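Trainee: One structure coming up, written as structure tokens, with questions to follow.
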Amino acid sequence: MLGLRIGECLGIEWSDIDFAKGTVFIQRNSQYKNKSTGIYTTTPKTKSSVRCLTLPQEILDILPVLKAQQEDNRSKCGDLWINSDRLFCNDFGKPIHPNQPYNYLKRFCEREKIEFKALHSFSHSLVTNLIHSNVDVTTTSNIVGHINGNVTLSVYAHEFKEATAFGCNVMSNLLNQQKKQFKTMSE
């Protein structure tokens, strides 16, 4: 829904969410390098990846449920709770491994007999839908955190060509309608 990279999503903390404004501030990235490094926090991929996004109502509605589950786990864990403030954490409050959402989705798709698509495909779907909904390239680039619109244009060039062709067909259809109306009026 937001076009976030998995590390950006896993880096979100409760303090990054402004419930009054319905926004989330993307400012960190949760990563895993190897066993000795473990899970660590870094900055997002680029400077433009640090951004504030408006949360869809569906997400705003489910966040209190997630918070209540975490509070329940916190009370059950007592002193074992790790206060990471992360939205996505394990039953002890520790940030989850960046592979965990991928593995969960893969198992879910297998169980439900749904074609599996990697998590990054959600971001591609968002961008594709934004392009075909005539959202300008700068706005699209800002939403997904690309360094600039040129990156978005180069990665999604085929989608922009398709949207341009659709736009040209719309104009052609409008002209044909006008031509028919003019012909009807002159008869």
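The values are calculated or read from the model by the stated rules, or taken from the named source; none is laboratory data. Everything numeric in this text was worked out from a predicted model, so none of it was measured. Every residue, glycine among them, receives a Cβ derived from its backbone with ideal geometry; neighbour counts consider all protein chains shown.
Trainee: Residues in region 40-53: is at least one basic (Lys, Arg), out of contact with any Pro (no Cβ under 7 Å at 6 or more places or on another chain) and over 25 Å from His124 (Cβ atoms)?
Mentor: No: zero hits.
Trainee: Next question, about the same structure. Out of the residues in region 11-54 that are touching a residue at least 60 places away in the same chain (Cβ under 8 Å) and among the polar types (S, T, N, Q), which is surrounded by the fewest Cβ atoms within 10 Å (Cβ to Cβ)?
Mentor: Residue satisfying both the conditions and the ranking: Ser15.
Trainee: Restricted to region 1-32, and to residues that are part of a loop (DSSP other than H, G, I, E, B) and at pLDDT 90 or above, which residue is farthest from the chain's Cα centre (by Cα)?
Mentor: If we take residues in region 1-32 being part of a loop (DSSP other than H, G, I, E, B) and at pLDDT 90 or above, then Ala20 is farthest from the chain's Cα centre (by Cα).
Trainee: Taking Arg86 as meeting all but one of (1) surrounded by fewer than 18 Cβ atoms within 10 Å (Cβ to Cβ); (2) of a type in the set (D, E, K, R); (3) assigned by TED's automatic domain parsing to the domain that holds Gln27, write down the number of the exception.
Mentor: (1)
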